[in-house]
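Heads up, the thing below is written out as structure tokens.
The values are calculated or read from the model by the stated rules, or taken from the named source; none is laboratory data. The structure displayed is predicted, hence computed values, not measured ones. All Cβ positions, glycine included, derive from the backbone under ideal geometry; neighbour counts span all protein chains shown.
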Amino acid sequence: MNFTGLLRQRELADVLQKSFLTVAEEFNLTKQNAPTNQAFVTPESLKAAINNGLKMFGFMENDKIIGCIGIKASKDSSIFYIERLAVLPECRHKGTGARLLKHAFQEIKNIEGKKASIGIINENVRLKKWYITGSCARACCGFFRDVN
């Protein structure tokens, strides 16, 4: 689902804040030392990012957004940034993140993207392992031969 309405943007901002807060707390991130971390996103800053080319997609359960992901084209439009992958803490470990990631890869493929880039906090070993060997790796299979 692509979100453009203001009500859903508020809900998305809330999901992003709650989801990223666990990481912010783990790595001592604050609004002062990491102002762009999604734990501190506002509906207004999310709207600005959407107006600047970010496409947001969400995963719904009982008409409630429980996870989301965003994609944004680079300047050359063949590389896409996958951003803001978030799942509410109480909804994690059920495959939602992998489904969102698979959807993002499909969207990128549909618009003829050639590569995807995902940035994480390097010290987040658990997340890095998930991206490299877990559900993420399985979700990536078949979409790109050269994902860095």
Practice item. Kindly list, by first and then second residue, each pair from a residue in segment 41-67 that is assigned to a helix (DSSP H, G or I) to a residue that is among the hydrophobic types (A, V, I, L, M, F, W, C), limited to pairs with Cβ atoms under 7 Å and residues at least 6 apart or on different chains. Key: P43/A13; L46/L12; L46/A13; I50/M56
Check your understanding: What is the residue count in segment 48-72 for residues that are under 14 Å from the mean Cα position of the chain (by Cα), farther than 22 Å from L127 by Cα and aliphatic (A, V, I, L, M)?
Key -> 3
Check your understanding: Which pairs do you get when a residue that is polar (S, T, N, Q), found in segment 106-123, comes within reach of a residue that is surrounded by 15 or more Cβ atoms within 10 Å (Cβ to Cβ) and assigned to a loop (DSSP other than H, G, I, E, B), reach meaning Cβ atoms under 8 angstrom, with the pair 6+ apart or on two chains?
Key -> Q106/F143
Review point. Which of the residues that make up segment 61-77 are surrounded by 12 or more Cβ atoms within 10 Å (Cβ to Cβ) and either more than 26 Å from T42 (Cα to Cα) or touching a strand residue (DSSP E or B) at 6+ places or on another chain (Cβ under 7 Å) (or both)?
Key: I65, I66, G67, C68, I69, G70, I71, K72, A73, S74
Review point. Can we say L85 is buried (at least 19 other Cβ atoms within 10 Å of the Cβ) and in a helix (DSSP H, G or I)?
Key: no
Practice item. Search segment 1-47 for residues being over 16 Å from the mean Cα position of the chain (by Cα) and among the hydrophobic types (A, V, I, L, M, F, W, C), and hand back the single one that is modelled with the lowest pLDDT. Key: L6
Check your understanding: So how many residues does segment 59-78 have that are at pLDDT below 90 and touching a Gly at 6+ places or on another chain (Cβ under 8 Å)?
Key -> 2
